[in-house]
Amino acid sequence: MSGNGAPKLAIDASGIRVTIVAASWHSVITDGLLAGAERALKSAGNSDYKVVRVPGAFELPLAASLAIQNGAEVVIALGVVIQGDTPHFDYVCDAATSGLTRVQLDTSTPIGFGLLTVANEKQALDRAGLEGSKEDKGAEAVEAAILMKQLSFK
């Protein structure tokens, strides 16, 4: 599992304008990711963030871009795409990942990547931050994005 060896990062998110954009597909999983992201933000001193729900993973890049245009200093993108029997999985995963990368690089705004791209529902549940999950990718996305916001090259 990818969580082996993952660091637990201490962050201070106070005073940072954060928007969480979360897909609506697979609500148990995305709600778990969202809860993990919210727990991480609150424990890092930020309870004044926005949550925006979008239809699916494909819509995450545009929602991230709009959030930044509306003042977000950090965006947390959450969702899940579960592989099926068609190439749809590949197209959606590539479009969402490439789109979020493009928005992040074009705006120099950190985007926490909490999009699960998995082979089956069990893999998603293992990463969703739910009771019994092995990982909390929602919280990890927050930690990474906040640390990137505070990155200094001085």
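Heavy-atom accessible surface of I76, to the nearest 10 Å², is about 0 Å², with a 1.4 Å probe and all protein chains retained. With both residues required to sit in the chain, DSSP beta bridges show an antiparallel share near 5%.
Figure note: F58, F89 ranked by solvent-accessible area, largest first, 1.4 Å probe, ligands and nucleic acids not counted: F58, F89.
Expressed in whole Å with the largest first, what are the equivalent ellipsoid semi-axes of the range 28-134 derived from the C-alpha gyration tensor as the square root of 5 times each eigenvalue?
Values: eigenvalues 100, 77, 18 Å².
The three semi-axes for the range 28-134 are 22, 20, 10 Å.
Going 7 Å from the Cα of R102 toward and past its Cβ, which residues in the range 52-96 have a backbone nitrogen under 14 Å from where you end up? Residues 58-66, 92-96 qualify, since their backbone N sits under 14 Å from the label point. Counting lysine pairs in the chain that sit 8 or more residues apart in sequence, or on different chains, and whose Cα atoms lie under 14 Å apart gives 4. The amide H of V54, built 1.01 Å from its N in the peptide plane, has A22, A23, S24 as neighbours under 5 Å, considering only residues 5 or more places off or on other chains. Using the Karplus relation 6.51 cos²θ - 1.76 cosθ + 1.60 with θ = phi - 60°, the per-residue 3J(HN,Hα) values for the range 95-109 come to 5, 5, 5, 5, x, 5, 4, 4, 4, 4, 6, 5, 10, 6, 10 Hz, with x marking Gly and Pro.
The values are calculated or read from the model by the stated rules, or taken from the named source; none is laboratory data. Please read all numbers here as calculations on a predicted model, not as lab measurements. All Cβ positions, even for glycine, are placed from backbone atoms using ideal geometry, and neighbour counts span all protein chains on display. Areas reflect the complete protein model, heavy atoms only, side chains present, ligands, DNA and RNA absent. Shrake-Rupley method; radii C 1.70, N 1.55, O 1.52, S 1.80 Å.
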